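Working notes, beginning with the structure itself.
We did not get these values from a lab; they are worked out from the coordinates using the rules stated. All of these numbers come straight from a predicted model, not from anything done at the bench. So basically every Cβ, Gly included, is an ideal-geometry build from the backbone, and we count neighbours across all protein chains shown.
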Amino acid sequence: MTLSQLSTPLSKDQAYALVDAVMAAEDLAITASAHEDSETGEWIFEATCDSEPNLEAFEALARAALGGTVSFAVEPIDPEVNWVAKSLEGLQPVVAGGFYVHGSHDAGLVPGGLTAIRIDAAQAFGTGHHETTTGCLEAIDRSLKRRRFRSMLDVGTGTGVLAIALAKRTHLPVIASDIDPIAVKTTIENARDNGVGRYVIALEATGLEHRQIVTAAPYDMIVANILAGPLVMLAPAMRKVAEPGATVILSGILNHQAPRVVAAYARQGIVLRHKIVKKEWSTLMLERA
């Protein structure tokens, strides 16, 4: 695989806005990140691609997201280095919904009263820093304060952070599925490292038709932090595996996409109860009527 890194200096807000736009686009980059240069103090946007980057697509996306022309520098990178992990090294801990998501280097700094989740940078999405993840953690916290759950499913688990959050709070089994075998492996490792390996059942699955997912249904809590398009396609299947009264938390949705997702689930009798908005991203808290 030929890896390339694409970068450009921007303001902090611009860098994060472009990260969000790139991560929402399909197949444009493996990962994108923003960081402050310790020597110059300027903010740098970086994206890692598994082939020669499509500069025209990046420039068009930057114009749409930032309203101006952006020039990118491109250079090849060492394929032996895990650049997904490297791009995420040193991220600060995140507090969301009473959860404290941190890396190994912050393990000794967990404030009292918070549920600690250790997620180190890995080849899967979900370190807790993106607005979609923090939105889901807040939605999970609100839901757990309202009722107890006994059968839980995390669709598109990534690093397993949401499944781990549910398992840590409930001490009950959570099925965590992902289409990516690397994500499944990462989830298993993270669940073990967080002391909930016996509760998190990670499996590779496309959609909701996997035998274990069907066998364990119906669920009274389903969380899916993926993308708006797949979420809309999954709406009928969600109804099949969600029991009446089930809480369904959906994210990975840009604000302008939220009405389409809400409408798709309303047609299945899964109705919006609350929406959490963080910057350009919406997290939907729904309930099967």
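Taking label points 7 Å from Cα along the Cα-to-Cβ direction, residue 211 and residue 50 give a separation of 2.8 nm.
Of the peptides 251-264, 204-217, the ranking by mean beta-carbon count within 10 Å, highest at the top, reads 251-264, 204-217.
Please give the calculated 222 nm ellipticity per residue for the chain, where each DSSP H segment of at least 4 residues contributes -39500 (n - 2.57) and the sum is spread over every residue; nearest 500 deg cm²/dmol?
Result for the chain: -10500 deg cm²/dmol, rounded to the nearest 500.
Remark: the Cα gyration tensor places region 131-288 in the rounded category, a/c being less than 1.5. Straight-line reach from residue 145: taking Cα to Cα under 18 Å and skipping same-chain neighbours fewer than 8 places apart, the aspartates and glutamates in range are 220, 287.
Inter-label distance, residue 73 to residue 104: 3.0 nm, where each label sits 7 Å from its Cα along the C-beta direction.
Could you order the peptides 232-239, 170-177 from most to least packed, using the average number of other C-beta atoms within 10 Å per residue?
In decreasing order of mean packing, 232-239, 170-177 become 170-177, 232-239.
Relative to the 2.2 N^0.38 Å rule of thumb, region 27-72 has a C-alpha radius of gyration ratio of 1.24.
Between helix 131-146 and the chain there is an angle of about 20 degrees, using the helix long axis and the longest principal axis of the Cα atoms.
Taking Cα atoms, how many degrees apart are the long axis of helix 228-241 and the longest axis of the chain, rounded to 10 and kept between 0 and 90? Around 20 degrees separate the two axes. On the basis of the beta-carbon distance and an R0 of 25 Å, residue 172 and residue 204 show a calculated FRET efficiency of 0.70. Ranked for footprinting exposure by Cβ neighbours inside 10 Å, fewest first, 136, 49 give 49, 136.
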